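Report on the following structure.
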Amino acid sequence: MAELSEQQEQNVSENKKAHRSRSGLWFGIIVLLIILAVAGIGFYLFQELRTQQADLGGEVNKGDMQLIELSKQISGYQTQLAAIQSQLATVEADVAGKEAHFSKTLADFSKLHTEKLDSTRNELNTAISQVQRQLGKTRGDWLIADAEYLLSIANQRLYLMGDVNTTREALEAADQRLRESGDAGAFKIREQIAKDITAIRNVAVADIVGMYASIQARQDQVDGLTLLLPYTGKALTQPKPPQEPADKESQNLLDSALGQLEGVVTLRHTEHPIKEILTPEEAQFIREQLRVKLEMVKIALVQQNERLYQSSLADAKKWTEQNFAKNPETSNFIAELDKFNAIKIRSHFPDISLSLKMLRDITKLRLEADKAMPPAEKVKSEQDKPVEPVKPAEAVNPTETAPSAEPAKPVEAAPATH
């Protein structure tokens, strides 16, 4: 029993050992499987990690390429932005230049407008002052202004047109105005006007109308002048009777020859050599040319152009001497041209401008007359002088001692008579 129990204990211990060994084997197998599973899982995870790393590297490379492209786009945008900024700077400079130009133009226009406004204001003030002075003038002042206008007309008619008669009438009218004014300063002016009237009356005036008619008569005489050269189509003239020869036989022969040639040719002796025979048109041209030259003389006579008048007469005389025969008719024609040449259509006019200068400086003459006047007469003249209306203080120049001589109304000058 004891051995059985020991044997049973041994069997139980062996069974326990066998069971333990099997349990350890299975545990090792399980551990090994676990290790293999962990290793497989790690390898799988490692492969996945490598795959992810490769994918991540591709994405990084792709990101780098995109970054490079983005950098290029940014550079392009920066270039475009720089160009736009340059254009904006150009536009700003252009706008600034135009603004400066417009500002300058506006300033110039404003300055010009201001100047015109000031000029208009000054002209208006001057006109107002003139009107106020006109309202304050006496009848004597108006007569002196009228005399100044007449003296200016006299100077213009004499020196510009040579109208002596109108000049004399204007001087006489101016003297009458000064006499009616009763101004003490006009005495010396009237004295000078009297000298001018005397000088004008001594001026010799050419008879323009008579000379024009005489030249017209000379034009009518052109057809009666004989040309120097012969021309075809000329009317036949009766030959002069020849002198009786001493020999009768020669007389008979000469008579028979003249009888045959009578009505065919006309014999005429001339001292000039005959170089050509004129046609009727050339002969008519020579006569018409002389008429044209005489017409130029008439035009210069009407215009009173002394130089053209003298040159036209000399040209007509030269043409007559060169193209017409020397006979009594031509000599009389040339003598008439010489008479016209001796006449001066524009005489030497005297200087009559001194009276006008003295009248424009009548204030000085008035002061000289007041100084030369005795005290009693000066007081009497001041008492007799009409009282002038008081002018506004702002429109009257305090340095003004006498009203300016301004023509009130133009006086028509008498027409020129020749």
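Data overview
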| item | result |
| --- | --- |
| Filtered residues of the range 168-191 (kept if closer than 18 Å to Thr138 by Cβ, out of contact with any Asp or Glu (no Cβ under 8 Å at 6 or more places or on another chain) and of a type in the set (D, E, K, R)) | Arg179, Glu180, Asp183 |
| Counted residues, the range 176-208 - those being within 43 Å of the chain's Cα centre (by Cα), among the charged types (D, E, K, R) and either surrounded by fewer than 21 Cβ atoms within 10 Å (Cβ to Cβ) or at pLDDT below 85 (or both) | 1 |
| The range 328-354 - residue that is in a helix (DSSP H, G or I) and at pLDDT below 85 and, of those, surrounded by the fewest Cβ atoms within 10 Å (Cβ to Cβ) | Ala342 |
| Answer from Lys62, Lys137 - the residue that is at pLDDT below 85 and not in a helix (DSSP H, G or I) | Lys137 |
| Positions within the range 219-242 being modelled with pLDDT of 80 or more, of a type in the set (D, E, K, R) and either surrounded by 12 or more Cβ atoms within 10 Å (Cβ to Cβ) or in contact with a helix residue (DSSP H, G or I) (Cβ under 9 Å, 6 or more places away or on another chain) (or both), in sequence order | Asp223 |
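This table checks each residue for (1) outside the structural domain of Asp196 (by TED's automatic domain parsing); (2) among the aromatic types (Phe, Trp, Tyr); (3) free of Cβ contacts under 8 Å to residues at least 12 places away in the same chain.
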residue	(1), (2), (3)
Lys298	yes, no, no
Lys318	yes, no, yes
Ala325	yes, no, no
Leu337	yes, no, no
Phe340	yes, yes, no
Ile343	yes, no, no
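The values are calculated or read from the model by the stated rules, or taken from the named source; none is laboratory data. What you are looking at is a predicted structure, and each value in this text was computed from that prediction instead of being measured. Counting neighbours? That spans all protein chains shown, and the Cβs are built from the backbone with ideal geometry, glycine included.
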